[in-house]
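Engineer: First, the structure itself, so that you have it in front of you.
No lab work stands behind these numbers, since they all come straight from the coordinates. Treat the numbers as computed from the prediction; the structure is a model and nothing was measured. So basically every Cβ, Gly included, is an ideal-geometry build from the backbone, and we count neighbours across all protein chains shown.
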Amino acid sequence: MVGTSTSTNTNGGVYRHAAWRVPPNGALTVDIVNAGGTSVVSPSVSFASLGLVFSCTESTANLGIAAQKIRVSNMTANASWVLSVAPTAGPTGLWDNTGATAHYDFNDTTGTQPGCADGIDADAFAGKLRVEPSASSLAPQTGCSSSNLSLGSNQDYTQGVVDSISLLTAAVGSNTECYWDVTGIPLRQTIPAEQMPSSYSLGLTITLMAQ
């Protein structure tokens with residue numbers, strides 16, 4: 001029951017009114033949708049193209065653009081959840097080119113120049129990926145709000161230490177029966193010097209977990 005109220009009629013009689021609300025019984029889901037809200041079949045993120053570079057450099061991209069928004073939908077009675085992103089292959093994964101003949105890392109942050117030279121992890125590849133959710137944009141469904149939602153902290157993936165990065169957290173008191181669109185999460189990939197020019201890919205998995 002949401003609440004009660006009273007009113008008095010012309011004869012002095014008192015009426016008591018009760019308002020009832022059925023708890024939400026839907027699902028907590030995450031999807032990649034286009035500007036019209038339709039699911040994107042094969043979403044992807046494109047980094048800035050680089051040729052052969054002779055010094056360690058950085059390529060950038062945005063996770064969540066207008067045509068590929070991250071949509072979190074909470075149709076449950078539980079207001080608390082966490083949205084995160086991690087490489088699909090796990091902490092030992094690599095950026096691979098077509099045919100997997102060349103590679104570089106996403107979570108090697110050790111050494112004097114993190115990402116530029118191979119560090120103490122088990123593989124022989126340098127490189128690091130930084131995710132900056134604090135710079136992203138959050139748009140609630142019309143009639144809903146972003147109260148009690150917090151954008152994640154900017155972090156580098158670090159093997160065995162930071163294997164997953166939180167993008168958005170909802171605390172008790174946040175809306176239910178609403179959705180939110182997340183766009184413009186900067187991604188910064190450090191690429192080691194003289195990396196073979198090619199088309200590389202790294203699978204990412206976005207996870208939404210109730211708390």
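Engineer: How do Y200, Y104 line up, fewest other C-beta atoms within 10 Å first?
Structural biologist: Working: Y200 21, Y104 24.
Ascending Cβ contact count within 10 Å gives the list Y200, Y104.
Engineer: What is the magnitude of the charge dipole of the stretch 25-210 about its Cα centre, with +1 placed on the Cβ of each Lys and Arg, -1 on the Cβ of each Asp and Glu, and no other charges, expressed in debye to the nearest 20? Don't jump to the answer; show the numbers that get you there.
Structural biologist: Details: 5 positive and 14 negative charges, 107 e Å.
For the stretch 25-210, the charge dipole is close to 520 debye.
Engineer: Rounded to whole Å, give me the distance from the Cα center of the stretch 164-181 to that of the stretch 114-163.
Structural biologist: If we compute the Cα centre of each part, the gap is 16 Å.
Engineer: Peptides 139-150, 65-76, 114-125, 45-56: what's the order by average Cβ count within 10 Å, highest mean first?
Structural biologist: Answer by packing, highest mean first, reads 65-76, 114-125, 139-150, 45-56.
Engineer: Could you tell me the largest-minus-smallest coordinate of the C-alpha atoms of the stretch 111-171 on each of the three principal axes, in descending order and whole angstroms?
Structural biologist: 51, 18, 15
Engineer: Mind checking which of L187, G203, S136 is farthest towards the positive end of the chain's charge dipole, using Cβ charges of +1 (Lys, Arg) and -1 (Asp, Glu) about the Cα centre?
Structural biologist: S136
Engineer: Return the FRET efficiency for the residue pair I120, A193: r is the Cβ-Cβ distance, R0 is 25 Å, and the value is rounded to the nearest 0.05.
Structural biologist: 0.80
Engineer: Can I ask one more? Along Cα→Cβ, 7 Å out, is where each label goes; now give me the distance between the ones at T142 and V161 in nm to one decimal.
Structural biologist: Roughly 4.7 nm, to one decimal.
Engineer: Still on this structure, please answer the following. Compute the distance in nm between two label points, each set 7 Å from the Cα along the Cα-to-Cβ direction, one at S55 and one at A171.
Structural biologist: 4.3 nm
Engineer: Right, something else. Once you list every other residue whose beta carbon is under 14 Å from the beta carbon of D181, what net charge do they have if Lys and Arg are +1 and Asp and Glu are -1?
Structural biologist: +1
Engineer: Could you work out the local net charge near G64, counting Lys and Arg as +1, Asp and Glu as -1, over the other residues with Cβ closer than 11 Å to its Cβ?
Structural biologist: My count for the surroundings of G64 gives +1.
Engineer: Can I ask one more? I want to make sure I understand the PRE zone here: with the label point 7 angstrom from the Cα of N154 toward its beta carbon, which residues in the stretch 182-211 have backbone N atoms less than 19 Å away?
Structural biologist: Label zone hits: 183-191.
Engineer: So if the hydrodynamic radius of the chain is defined as the Kirkwood radius over C-alpha pairs, what does Stokes-Einstein give as its diffusion coefficient at 4 °C and 1.567 mPa s, in µm² per second?
Structural biologist: The calculation lands on 66 µm²/s.
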